[in-house]
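> Quick one: structure below, then a few questions.
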Amino acid sequence: MAAGETIAALRAWQMVAGADEATPEPPLDRPPARAAPPEPAVGTAAEPDPAGGRAGPAPAMTGVRQIAAAAADLAALRSTFEAFDGCPLKETATNFVFADGAPRAKLMFIGEAPGAEEDRQGIPFVGPAGRLLDRMLAAIGLDRGEVYVTNILPWRPPGNRNPTDSEIAVCLPFIERHIALVEPAAVVAVGGTAAKVLLDTREGIMRLRGRWFSYAVSGSGAPIPLRAILHPAYLLRQPGQKRDAWTDLIAIKKRLAEGMPAP
């Protein structure tokens, strides 16, 4: 990107990320966790232990993985996941929120869970934070139709509360299968929770953003480059962090132009 284009794009980004609209819901990002830094290369995450810490796959989770792995394509995964009764959030949510955008996109954006507006419409990232995400994409020359967006959880937690470890664990095999079926050139973890789940770490978003990771998931072939970014809902409340968000967007744009080589 030429210097003049970079300055012009930065000015455009500063305008769209200036927090000129309010959000009725709290941000989905979590405060940075105090933990030792992980190695940049990561593998398939172990199952979160609802009692704390990490544990290997339990027999019940093995069954969930088999259900998710049996989906041969995105249509099958959607119908299988929507019919799945193993997550109690299904009983309180209004709609099942699967995905939006281009199913064969090079960039796959993964957030935490639907908010109130997403729950009403059944589409991810359509509330105030979603509209800001669209403007963030526009700042690097992309639109919703050129990327693929989804969440770790397809059902909204009541009152927009934090999802529990067990809720995340039971949905994790489905998002892993989702990534394998989309086969993106890169994954963008939107916000702290998505980044920590996908990278199997307790580090916070401020430590995870700003660098590339190598993400491996069963059935996806070669490891996939992964970048964590600040959640748009967080930027609406903390506009001073827009410079960090811009840095990550430019890095994603550059990696996309380079053909997304492995980190």
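> If we keep just the residues of segment 79-93 that are without any contact (Cβ under 8 Å) to a residue 12 or more places away in the chain and either assigned to a loop (DSSP other than H, G, I, E, B) or of a type in the set (Asp, Glu) (or both), which is least open to solvent (accessible area, probe 1.4 Å)?
Applying the filter and picking the extreme gives Asp85.
> Follow-up. For the list (1) out of contact with any helix residue (DSSP H, G or I) (no Cβ under 7 Å at 6 or more places or on another chain); (2) hydrophobic (A, V, I, L, M, F, W, C); (3) assigned to a helix (DSSP H, G or I); (4) crowded, with 21+ Cβ neighbours inside 10 Å, I need the number of the one condition that Ala113 fails.
That leaves (3) as the condition not met.
> Here is a further query. Out of the residues in segment 178-222 that are hydroxyl-bearing (Ser, Thr, Tyr) and farther than 21 Å from Leu132 by Cβ, state the one that is nearest to the chain's Cα centre (by Cα).
Per the criteria, the residue is Tyr215.
> Now, a different point. Hey, among Ala195, Ala102, Ala138, Ala189, which residue is open to solvent by 10 Å² or more (accessible area, probe 1.4 Å), at pLDDT 95 or above and under 20 Å from Ala245 (Cβ atoms)?
Just a single option satisfies the conditions, and that option is Ala138.
Matching residues to (1) assigned to a helix (DSSP H, G or I); (2) over 22 Å from Trp212 (Cβ atoms); (3) in contact with a Gly (Cβ under 7 Å, 6 or more places away or on another chain):
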| residue | (1), (2), (3) |
| --- | --- |
| Ala72 | no, yes, no |
| Leu77 | yes, yes, no |
| Asn95 | no, yes, yes |
| Pro103 | no, yes, no |
| Arg131 | yes, yes, no |
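> Given the condition under 17 Å from Tyr148 (Cα atoms), in a helix (DSSP H, G or I) and out of contact with any strand residue (DSSP E or B) (no Cβ under 9 Å at 6 or more places or on another chain), answer yes or no: does some residue in segment 236-259 qualify?
yes
> For residues that are open to solvent by less than 10 Å² (accessible area, probe 1.4 Å) and within 26 Å of Thr92 (Cα to Cα), scanning just segment 126-135, find the one that is nearest to the chain's Cα centre (by Cα).
Looking at residues that are open to solvent by less than 10 Å² (accessible area, probe 1.4 Å) and within 26 Å of Thr92 (Cα to Cα), I get Gly130.
> Further question on the same structure: Mind listing whichever residues of segment 140-167 are of a type outside the set (A, V, I, L, M) and assigned to a loop (DSSP other than H, G, I, E, B)?
Gly141, Asp143, Pro154, Trp155, Arg156, Pro157, Arg161, Asn162, Pro163, Thr164
The values are calculated or read from the model by the stated rules, or taken from the named source; none is laboratory data. Worth saying up front: this structure is predicted, and the values here are computed from it rather than measured. All Cβ positions, glycine included, derive from the backbone under ideal geometry; neighbour counts span all protein chains shown. Note: areas computed on protein heavy atoms with side chains; ligands, DNA, RNA excluded. Shrake-Rupley method; radii C 1.70, N 1.55, O 1.52, S 1.80 Å.
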